[in-house]
Each structure stands twice: as structure tokens, then as C-alpha cells.
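Worksheet for the structure shown next.
Every number in this text was worked out from the coordinates using simple rules, so none of it is lab data. This one's a predicted model, so the numbers in the text were calculated from it and none came from an experiment. Neighbour counts are summed over all protein chains in view; Cβ atoms, including those assigned to glycine, are modelled from backbone coordinates with ideal geometry.
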Amino acid sequence: MTNVLFFDDHSWENLLPLSFTRPVCEMRCGILTIKEKWQKAGEFSISWLSRDYLSQKFPPVIEADNYLINGALFPNRTLIEAILGLKHGEALTSAERILALRVPAKAVREFNPMEPAKYIPGEYSGPMRILDYPWQIFQWNGEEINSDFDLLTKDRVSFPISNSNHLIHPERIFVEEGFKAEYSSLNATNGPIYLGKSSEIMEGCLIRGPFALGEHAALKMGAKIYGPTTVVPHCKVGGEVNNSVIFGYSNKGHDGFLGNSVLGEWCNLGADTNNSNLKNNYAEVKLWNYPAEKFIPTGLQFCGLIMGDHSKCGINTMFNTGTVVGVGANIFGAGYPRNFVPCFSWGGAHGLSTFALPKVFEVAEEVMSRRNLQLTEADRKILSAIFQMTAKYRR
């Protein structure tokens with residue numbers, strides 16, 4: 001089996017705050033994470049070559065022969081063939097950016113993704129998709145749901161779905177074992193609908209594809225889902241959602257609108273939380289960028305909320321167009337919080353203070369225990385490192 005280590009380059013910084021708690025290859029776009037897409041595409045043994053503080057949770061596995069692949073790179077057949085054709089010391093590059101290289105064990109430990117000149121270059125000119133910014137996750141979600149759907153359902157037969165539901169284009173609706181739904185409408189005219197193992201759609205939901213529901217995830221009664229939207233494992237979602245990606249174990253359990261947004265893991269939106277995804281003057285949306293330390297243009301007219309892991313907001317929270325919320329924030333109160341909420345912030349429109357790390361751990365432990373999971377020592381160290389790294393934004 002081919003030994004692969006996914007490395008992170010400058011895309012990791014651009015994808016903050018979502019990447020504070022994970023390597024880039026663990027980002028989800030479509031039904032699968034980038035890492036899972038590679039696992040489905042070939043015989044790869046996969047580990048990570050990420051930031052030091054992430055390595056306890058995402059450790060590298062180094063062999064005598066290693067393929068280092070950019071963790072932001074989505075697989076395709078042409079690209080895989082080019083990578084597997086590399087010889088030792090050769091790199092696959094695009095515009096002086098390393099896409100992949102093949103090296104022995106010693107060279108893995110010395111590898112710097114920002115030094116392409118150290119390797120024998122081979123310019124790649126084939127098809128390529130590489131994730132550089134958070135908004136690309138929802139921007140590309142429809143195409144990736146289509147691609148992942150075909151990959152996951154090829155030569156397989158869908159489990160049956162109750163005839164109390166109204167299905168449009170049922171041939172593009174795939175049901176895994178244990179799925180439950182009654183008296184809902186599923187319309188796959190504009191894209192496929194994938195319904196994960198032991199997931200549930202409660203009564204009265206209206207769903208338009210492309211849409212993916214992960215394992216043990218649930219749509220609450222009367223939810224209105226506009227594709228392309230992904231709700232992945234162990235999430236609970238209600239209200240109105242449009243073109244959004246919700247990572248695992250996060251909840252938007254009540255009425256309210258979420259559009260053109262990405263939520264990290266272990267997030268919770270209080271009842272009647274709403275976000276704006278369009279400015280009143282229809283102007284291009286700008287989004288906070290950590291490496292630039294300023295708001296940068298997205299090129300998008302529709303762009304909503306980007307929220308890092310373990311962040312929460314109270315009932316009736318209102319998020320303005322293009323809001324970025326960091327890791328471990330707790331937001332509440334009347335009015336619109338600022339468009340950039342630093343990690344471990346406590347408060348809202350009327351001011352922010354620091355959400356003390358022991359309290360963050362306390363909340364995380366309580367939330368995770370409800371899913372029979374524990375906040376590990378590795379998780380604590382990661383959150384502690386992020387707390388220190390982001391202190392300057394809370395001053």
C-alpha cells in the first residue's frame with residue numbers, strides 16, 4: 001500500500017479558523033473530507049504532516065518510501081497517475097507550488113513546503129482543485145456532492161425509503177442502512193440526495209438536492225433545506241438552510257436561517273439564530289483573513305458565516321454578512337456582533353471579554369459527554385495552543 005502523508009502549506013493559514021483544530025485534508029466539501037476522497041480513490045495508507053501542536057492527534061507515519069501530498073488538493077485520476085509516476089526526489093508542482101513529491105524517510109523530516117527549489121520539479125498542467133479559502137467549501141459543495149455521490153453509490157443498491165415520503169427523481173436518492181423518514185419531500189432534480197447510515201429526516205421536511213446527511217445526523221421537523229448543503233455525522237439541524245456545510249457534532253436545532261456558511265465541529269446555534277448572506281447594497285462580501293490580518297475580498301455576492309470548532313451562540317443571535325467566528329467563542333445578547341469574533345471570546349455586540357480556558361474545557365466536556373465522547377488530553381493541548389496563538393486578537 002502506498003504511504004501518503006498530507007502536508008499543509010499556506011492554505012492552512014488562509015483556512016483559519018477552521019484549520020486551527022485540524023489539518024487541511026480533514027476539511028469536508030461535498031459528502032467526504034479531502035482525506036476520505038483520497039482513501040476512496042486508491043490504495044493509500046494515510047497520515048498527516050501538519051503543525052507541531054496538532055501532531056499528537058494527527059501523527060505522521062513515516063516509511064522508507066513516502067509520497068507527500070498537499071492536503072488541500074482534491075484527487076482526480078489524472079493527478080493520481082502523475083503523483084504515482086514520481087521518482088525519488090521529484091516533485092509535482094504548479095506555479096512554483098508543491099502539489100506532491102516522493103521522498104525517503106530522512107527527507108520527510110527535513111521537508112519544507114515553501115522550498116520547492118530543493119526538489120526536481122515537474123510542472124503539472126492537468127485538471128486540479130485545491131482548497132485555499134473557507135468560502136470555497138460551500139462554493140464547490142454542489143460539484144463535490146455530485147462527485148462523492150457517484151463514488152459512494154457506484155454498483156450499490158439503495159435501501160428502501162418509506163412510501164409516505166414524496167420523492168422526485170428517486171434514482172438520484174441513495175439511502176444507507178438504518179435511515180428513517182416519514183412524510184417529507186425529497187427533490188433530486190437539481191442534484192443527488194445522499195442519506196447516511198442511521199440518519200433521520202423527521203416529518204414535514206422539504207429538501208432540494210444536492211444534499212448529504214451524514215451518519216446518525218437528523219433533520220428536525222419541518223426543516224427546509226436548499227442545496228447544495230451538507231449536514232455530516234451526528235448533527236441536528238432545523239429551520240432554513242441554504243448552501244452550507246456543517247461539520248460533525250454541530251447543531252442548528254431550531255428555526256432560523258443559515259446560508260452560504262461553514263460551521264466547524266461541536267458548534268451550537270441557539271433558537272432563531274439568523275445570518276445574513278447578502279449585503280443590502282448587493283456589494284461583494286469581504287471576509288476576515290488571518291495571515292493578512294484584515295478583511296479581504298471573496299469575489300462573492302453571497303457569503304454568510306464561518307465558525308470555528310467549539311463555538312456557540314445564544315437565542316436570537318444575528319450574524320452580519322461575511323462574519324468569521326473563531327474557535328471556542330460564546331456569543332450572546334442583542335444586536336449584531338462584529339464581523340470578526342476572535343477565538344475564545346465571550347459576549348456580543350456590546351463588548352467582548354475572554355472566555356477563560358478552564359470554562360471552555362468545562363463546556364466542551366459537558367457537550368461531548370452527551371454524545372458519549374470525551375475531551376482528550378490531545379484536544380486540551382490543541383485548544384490551549386490556539387488560546388496562546390490567538391491572544392493578540394482578544395486585546
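Some notes on this structure:
- Label-point separation in nm, ILE315 to GLU13, each point 7 Å along Cα→Cβ: 4.3
- Most positive-pole-ward Cα, CYS267, LEU68, ASN316, against dipole of the chain from beta carbon charges: ASN316
- One decimal place: the segment SER353-ARG371 gains 3.6 nm when fully extended, by the rule 0.36 nm per residue minus the C-alpha distance.
- Summarising the label geometry, the points placed 7 Å from Cα in the beta-carbon direction at ASP272 and LYS40 lie 4.0 nm from one another.
- Residue pairs exceeding 23 angstrom between C-alpha atoms, taken from LYS87/LYS154; LYS57/LYS236; LYS180/LYS312; LYS118/LYS294; LYS224/LYS252; LYS57/LYS286: LYS87/LYS154; LYS57/LYS236; LYS180/LYS312; LYS118/LYS294; LYS57/LYS286.
- Among the GluC sites (Glu not before Pro) within segment 14-104, those in coil by DSSP and having at most 13 neighbouring Cβ atoms inside 10 Å are GLU43, GLU96.
- Take the Cα of ALA292, step 7 Å toward its Cβ, do the same at HIS88, and the gap between the two points is 4.3 nm.
- Per-residue Cβ neighbour rank within 10 angstrom, fewest leading, THR93, THR317, THR376: THR376, THR93, THR317
- Gain on full extension, evaluated as 0.36 nm per residue between SER185 and LEU206 minus their Cα-Cα distance, stands at 7.1 nm.
- Here the residues ILE331, ILE130, ILE246, ILE161, ranked from fewest to most Cβ neighbours within 10 Å of their Cβ, fall in the order ILE130, ILE161, ILE331, ILE246.
- Cα centre as origin, Lys/Arg/Asp/Glu Cβ charges: segment 24-101 dipole, Debye: 300
- Among (1) 57, 55, 45; (2) 71, 51, 36; (3) 98, 53, 45, the entry that matches Cα extents along the principal axes in Å as calculated here: (1)
- Those chymotrypsin sites (Phe, Trp or Tyr not before Pro) in segment 142-202 that DSSP places in a loop and that have at most 10 other beta carbons within 10 Å: none
- Debye, to nearest 20: dipole size of segment 160-200, +1 on Lys, Arg Cβ, -1 on Asp, Glu Cβ: 80
- Computed per residue of the chain from DSSP H runs no shorter than four, each worth -39500 (n - 2.57), the mean residue ellipticity at 222 nm is -5000 deg cm²/dmol.
- Note on the chain: GNM, Cα springs under 10 Å; of ILE98, ILE34, ILE120, the largest mean-square fluctuation is that of ILE120.
- Ranked list, fewest to most other Cβ atoms within 10 Å of each Cβ, for ILE69, ILE173: ILE173, ILE69
- Tensor-based shape of segment 2-132 (alpha-carbon gyration tensor, a/c under 1.5 rounded, otherwise prolate or oblate): rounded
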